[in-house]
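The values are calculated or read from the model by the stated rules, or taken from the named source; none is laboratory data. Since the structure is predicted, the reported quantities are computational estimates derived from the model, not experimental observations. We place every Cβ from the backbone using ideal geometry, glycine too, and count neighbours over all the protein chains shown. These area figures cover heavy atoms from the full protein model, side chains too; ligands, DNA and RNA do not enter into them. Shrake-Rupley method; radii C 1.70, N 1.55, O 1.52, S 1.80 Å.
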Amino acid sequence: MTNLNIDAIRKDFPILSEQVNGKDLVYLDSSATSQKPLSVIDKTKYYYEHMNANVHRGVHTLGTRATDGYENARETVRAFINAKYFEEIIFTRGTTTAINTVAQSYGDMAVQEGDEIVITQMEHHANLVPWQQLAKRKKAVLKYIPMEADGTITLENVRATITNKTKIVAMAHVSNVLGTINDVKSVAQIAHEHGAIMVVDGAQSIPHMKVDVVDLDCDFFAFSGHKMLGPTGIGALYGKKALLNKMEPIEFGGDMIDFVGLQESTWTELPTKFEAGTPLIAEAVGLAEAINYLTEVGMDNILAYEHELTAYAYEKMSEIEGVEIYGPAADKRAGLITFNLQGVHPHDLATALDSHGIAIRAGHHCAQPLMKWLNQSSTARASFYIYNTKDEIDTFVQSLKETKEFFSYEF
Ligand code: 7TS
């Protein structure tokens, strides 16, 4: 049983008291975006009320407060993922921007015609399309590591796919559809043995488990703040300093320059070299507060509690005839369950559940190649976070049963 006081945690999230269609909200869509605790909402408000100015410019007091808030947030992120240097943390708009930065900057520098980029078919489009585009620009080969029937990847297949022509391996730490937890640490080691770099899409892992980039020994790690209790519009790219130093910026303008002449310019130091323009100041301050919250609850407690919830939901859902669950067994997956209910389109299901106050996601989950692999055009997904309860799962499972009954009368 969990050590967490979930009732107390739930009180920290004002939105959980919402009524939806006359019912208590049951929010099971945290993989899309998490809800925000009052401390994050308050801190963002506090920033605008007491700290707001542009950063790295003014000598006035508010300028200093804003700069300190922003740079302290960078230090909070650094410590949270155990990066060695603050220069290795680049604030971005989110995972998508972080991966695109690597694909354009590192990719354009390091990948030549005939080289290989290795990914998997379980990637979110954000960790697939940028590599497709890079492969096209460079006439490189985009290779996919085969998946097992349960949506996992074996290290044997990783070894069989990565070759000495491979320059980049990019993989989700946790799949947003299958819930698969990939052994990215071992994959990074194999990539390095072949002289390739390892890019980890951490969008679905960092909200739910301890991430240590030094231990993983990945070269880049991308994530979004909004899935980890933080504000929308902010995320980060971790990159090893030696690599980031060699890379060219992909955006140019204010802040990121050192000297600007009429025809030529030079770039400033890391991390600002990759942060052109006025950055996401209030958002970074809010993200740091979210990290404080997560740290206080404890990442190991979060992982253990979500594991308990997921195992419970998996078992209850498996008992319903006509429910097909995709991905690995409950003990091998993160806190989400993607499924279909036979005879009911996922959008109809999500609409029916919404009428019961239950929020789930339906669609292709920005993973069309994975839908192809599953042989499904669309699926439904319930995803969990620290504020969810077994009672909510009971409500959800009961509503699934009622929806099944309702639609079976129609056929
Ligand atoms: N990578 C993974 C594994 C994701 O799950 C997502 C978002 C992204 C990248 C992109 O993150 P963004 O913050 O830049 O948009 N995933 C989802 C999802 O599963 N449902 O909505 C968004």
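Some observations on this one:
- Verdict on Gln368 being open to solvent by 30 Å² or more (accessible area, probe 1.4 Å) and either outside the structural domain of Lys23 (by TED's automatic domain parsing) or farther than 27 Å from Thr395 by Cβ (or both): yes
- Of the numbered criteria (1) touching a strand residue (DSSP E or B) at 6+ places or on another chain (Cβ under 6 Å); (2) at pLDDT below 95, the one Asp29 fails is (2).
- Within the range 371-388, if we keep just the residues that are crowded, with 19+ Cβ neighbours inside 10 Å and among the polar types (S, T, N, Q), the residue that is nearest to the ligand (Cβ to nearest atom) turns out to be Ser383.
- Which listed residue, of Ile168, Ile145, is over 19 Å from Met371 (Cα atoms) and under 21 Å from the mean Cα position of the chain (by Cα): Ile168
- Members of the range 366-395 found to be in contact with a Lys or Arg (Cβ under 6 Å, 6 or more places away or on another chain) and under 24 Å from Asp150 (Cα atoms), listed by number: Arg381
- Residue that is surrounded by the fewest Cβ atoms within 10 Å (Cβ to Cβ) [pool: residues in the range 312-331 that are among the hydrophobic types (A, V, I, L, M, F, W, C), part of a helix (DSSP H, G or I) and in contact (Cβ under 8 Å) with a residue 60 or more places away in the chain]: Met317
- Restricting the range 83-101 to residues that are more than 22 Å from Thr33 (Cβ to Cβ) and assigned to a helix (DSSP H, G or I) leaves a set whose member that is nearest to the chain's Cα centre (by Cα) is Glu88.
- Single residue of the range 112-171 satisfying the filter (in a loop (DSSP other than H, G, I, E, B), within 13 Å of Asp201 (Cα to Cα) and open to solvent by less than 10 Å² (accessible area, probe 1.4 Å)) that is nearest to the ligand (Cβ to nearest atom): Glu123
- Gly286 vs. criteria within 16 Å of the ligand (Cβ to nearest atom) and not basic (Lys, Arg): yes
- Positions within the range 199-217 being over 25 Å from Gln35 (Cα atoms), in contact (Cβ under 8 Å) with a residue 60 or more places away in the chain and either open to solvent by 10 Å² or more (accessible area, probe 1.4 Å) or not assigned by TED's automatic domain parsing to the domain that holds Leu128 (or both), in sequence order: Val214, Asp215
Residue-by-condition table, conditions (1) under 26 Å from Ala242 (Cα atoms); (2) aliphatic (A, V, I, L, M):
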site	(1), (2)
Thr76	yes, no
Gln133	yes, no
Asp150	no, no
Met171	yes, yes
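- Within the range 26-48, considering residues that are aromatic (Phe, Trp, Tyr) and open to solvent by 50 Å² or more (accessible area, probe 1.4 Å), the one farthest from the ligand (Cβ to nearest atom): Tyr46
- Scanning the range 317-366 for residues that are hydroxyl-bearing (Ser, Thr, Tyr) and either modelled with pLDDT under 95 or out of contact with any strand residue (DSSP E or B) (no Cβ under 6 Å at 6 or more places or on another chain) (or both) gives Ser318, Thr351, Ser355.
- Residue count for the range 49-76, restricted to those that are under 27 Å from the mean Cα position of the chain (by Cα) and surrounded by fewer than 18 Cβ atoms within 10 Å (Cβ to Cβ): 4
- Scanning the range 4-24 for residues that are over 15 Å from Glu392 (Cα atoms) and either touching a residue at least 24 places away in the same chain (Cβ under 8 Å) or part of a loop (DSSP other than H, G, I, E, B) (or both) yields Leu4, Asn5, Asp12, Phe13, Pro14, Asn21, Gly22.
- When residues in the range 355-365 are screened for being outside any strand (DSSP E or B), open to solvent by 10 Å² or more (accessible area, probe 1.4 Å) and within 16 Å of the ligand (Cβ to nearest atom), 2 of them pass.
Yes or no, residue by residue, for (1) farther than 30 Å from Ala160 by Cβ; (2) touching a Leu at 6+ places or on another chain (Cβ under 9 Å); (3) at pLDDT below 95; (4) more than 16 Å from the ligand (Cβ to nearest atom):
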position	(1), (2), (3), (4)
His192	no, no, no, yes
Met198	no, yes, no, no
Ala203	no, no, no, no
Phe221	no, yes, no, no
Lys240	no, no, no, yes
Leu243	no, no, no, yes
Ile257	yes, no, no, yes
Val260	yes, no, no, yes
Glu264	yes, no, no, yes
